[in-house]
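The values are calculated or read from the model by the stated rules, or taken from the named source; none is laboratory data. Remember, it's a predicted structure, so these values are computed and weren't measured experimentally. All Cβ positions, glycine included, derive from the backbone under ideal geometry; neighbour counts span all protein chains shown. All accessible areas refer to the heavy atoms of the entire protein, side chains included, with ligands and DNA or RNA removed. Shrake-Rupley method; radii C 1.70, N 1.55, O 1.52, S 1.80 Å.
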Amino acid sequence: VHDGKPLLYLDSAATSQNPRSVTLALREFSEGASDPEAATASYEAARGEVAALVNAASAREVVFTRGATEAINMVARGWGDRHVSEGDEIILSVMEHHSNLVPWQALAQRKGATLKFVTLTKDQTYDIEAFKALLNPGKTKIVAMNHVSNVLGAVNPVEEVVRLAHEAGAVVALDACQSVPHMPVDAQALGVDFLAASGHKMLGPTGIGFLWAPLETLESMDTWQTGAGTTEGVSLASLQETPTDLETISRDLRPVPWRLEAGQPPMAEAAALGEACRYLRSLGMDNIHRYEMELGRYLWSKLSEIKGISLYGPSPDKEGGKERGALLAFNVPGVHSNDLAFFLDQEGVAIRSGHHCTQPLHRALGVGGSARASLYVYNTKEDVDRLVVTLKRTLKLFSDLGFGVEEEPPCPLVSKPDPTLRDPGVQRPCTDLWPHELPEADEESSDDASSISASDEIR
């Protein structure tokens with residue numbers, strides 16, 4: 001990568017690498033796409049592969065999207081606009097990715113609904129007791145949560161949340177971007193009402209993801225985008241009519257999922273995603289999960305040896321961290337996460353830094369951002385060893401330059417804690433400090449510094 005140093009890729013939580021069979025599937029489809037019948041067959045076969053991976057009851061329960069962000073927006077628009085009214089409530093959590101926050105914020109603004117946020121436990125896991133306290137039967141309409149946090153790494157208590165939410169009359173929308181690639185995910189067994197994931201995090205290509213929901217739930221959704229591919233037929237007479245209800249609107253629409261996939265389908269991407277699903281299933285999702293849990297425990301143990309380091313999320317030794325995978329966010333006193341990532345990159349080690357599209361979570365943790373190493377099936381314990389050796393050497397360089405502190409002064413990079421988001425039981429020092437001697441920050445510069453977006457991740 002730099003001066004002949006080999007690349008060590010530790011950023012799979014943002015975007016995974018592609019097996020040769022996946023890139024070959026993309027190429028073969030593109031070269032043979034002149035046959036419309038074969039292209040359509042390939043597209044529908046890919047839908048079946050996704051359905052098999054998440055144990056959908058039918059391939060028709062899978063809707064292809066541009067990614068998880070579009071899938072969540074589809075639910076917010078197609079289901080939320082129809083079922084959420086003024087005064088209703090939507091429960092989220094402080095650990096959500098922005099893609100599982102902003103669409104619900106927009107829905108709440110459109111409909112006059114209220115957003116509520118589940119906080120963290122002292123072990124930095126999803127606080128189920130806080131969720132119970134927020135749940136309001138008859139008023140709570142949507143609960144949106146991630147299956148696995150892209151920063152904390154813990155597997156959240158989805159089944160319990162689903163049970164409680166359904167008892168209160170609410171639906172559950174699950175962001176499964178960090179679970180579908182790494183562990184067995186049975187959509188039916190989880191009991192969620194919606195599940196979204198991205199292809200580029202699961203060995204697949206960019207530009208495609210999917211939404212899963214039971215067939216009857218998809219059929220209850222409004223078509224939030226219309227046009228070519230969504231209708232059985234269009235005439236000038238039908239365009240002049242003024243439908244007043246969903247039944248009238250739907251009479252010329254195609255069945256789901258096709259009426260929810262407006263425009264030219266991502267056929268080449270779907271072919272590659274289907275191959276990625278086959279590849280994952282050939283490895284065995286149970287095998288992948290066991291391997292990554294072992295890798296994650298090793299990663300935690302080796303990084304915890306570094307003096308002063310702050311590791312985020314529950315320890316693998318804690319009840320809430322037993323199933324955590326090979327993803328770990330951290331900070332080191334005296335070194336900004338972006339600077340740390342830059343110097344590691346010079347040695348060929350690719351990690352991610354910044355807020356990882358989880359600014360509310362980082363504010364709740366009391367930091368402006370973090371460094372993150374995320375591993376996948378192609379990584380090994382030897383990769384962890386190289387990360388740790390390179391990290392220690394980089395920290396020694398900072399120390400020799402006079403950076404790195406024993407005592408931690410107030411950090412101007414972090415906005416004031418929000419008492420509605422931060423768990424008072426989480427006492428975290430500010431470890432996102434740079435440089436050693438910090439100037440007095442005025443209000444304007446503090447606001448600028450609190451937004452670390454250079455290496456933001458996108459879905």
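Things to note:
- With respect to being at pLDDT below 95 and either of a type in the set (D, E, K, R) or within 30 Å of Leu203 (Cβ to Cβ) (or both), Ala176 falls outside the description.
- The range 83-127, residues that are basic (Lys, Arg) and either buried (at least 23 other Cβ atoms within 10 Å of the Cβ) or farther than 19 Å from Ala165 by Cα (or both): Arg110, Lys111, Lys122
- Of all residues in the range 213-224, those satisfying the criterion of being under 14 Å from Glu61 (Cα atoms) and part of a loop (DSSP other than H, G, I, E, B) are Ala213, Pro214, Ser220, Met221.
- Test set (1) under 17 Å from Ala51 (Cβ atoms); (2) surrounded by 16 or more Cβ atoms within 10 Å (Cβ to Cβ); (3) of a type outside the set (S, T, N, Q); (4) at pLDDT below 95 - Pro257 fails condition number: (4)
- Checking the range 52-64 against the condition returns no match, with no residue being in contact with a Phe, Trp or Tyr (Cβ under 8 Å, 6 or more places away or on another chain), surrounded by fewer than 21 Cβ atoms within 10 Å (Cβ to Cβ) and touching a residue at least 24 places away in the same chain (Cβ under 8 Å).
- For the range 315-362, the tally of residues that are among the charged types (D, E, K, R) and more than 22 Å from Val384 (Cβ to Cβ) stands at 1.
- Residue satisfying all of: in the range 1-26; among the hydrophobic types (A, V, I, L, M, F, W, C) and open to solvent by 70 Å² or more (accessible area, probe 1.4 Å); modelled with the lowest pLDDT among these: Val1
- Any chance Ser445 is at pLDDT below 80 and small (Gly, Ala, Ser): yes
- Residues considered: Lys132, Lys141. Of these, the only one that is open to solvent by 20 Å² or more (accessible area, probe 1.4 Å) and in a strand (DSSP E or B) is Lys141.
- Note on the range 3-57: residues that are of a type outside the set (Gly, Ala, Ser) and more than 23 Å from Gly325 (Cβ to Cβ) total 18.
- Residues in the range 286-297 that are open to solvent by 20 Å² or more (accessible area, probe 1.4 Å) and within 23 Å of Lys122 (Cα to Cα): Met293, Arg297.
- Restricting Ser310, Ser301, Ser315 to residues that are in contact with a strand residue (DSSP E or B) (Cβ under 9 Å, 6 or more places away or on another chain) and either open to solvent by 10 Å² or more (accessible area, probe 1.4 Å) or more than 30 Å from Met74 (Cα to Cα) (or both) narrows the list to Ser310.
- Flag if Val192 is within 22 Å of the chain's Cα centre (by Cα) and closer than 28 Å to Ala373 by Cβ: no
- Taken over the range 27-46, the criterion of being touching a residue at least 24 places away in the same chain (Cβ under 8 Å) and open to solvent by less than 60 Å² (accessible area, probe 1.4 Å) is satisfied by Phe29, Ala33, Ala39, Ser42, Tyr43, Ala45, Ala46.
- Residues satisfying the stated conditions in the range 323-338, i.e. in contact with a helix residue (DSSP H, G or I) (Cβ under 8 Å, 6 or more places away or on another chain) and farther than 18 Å from Glu305 by Cα: Glu323, Arg324, Gly325
- Test: residue in the range 37-53 that is among the acidic types (Asp, Glu) and modelled with pLDDT under 95: yes
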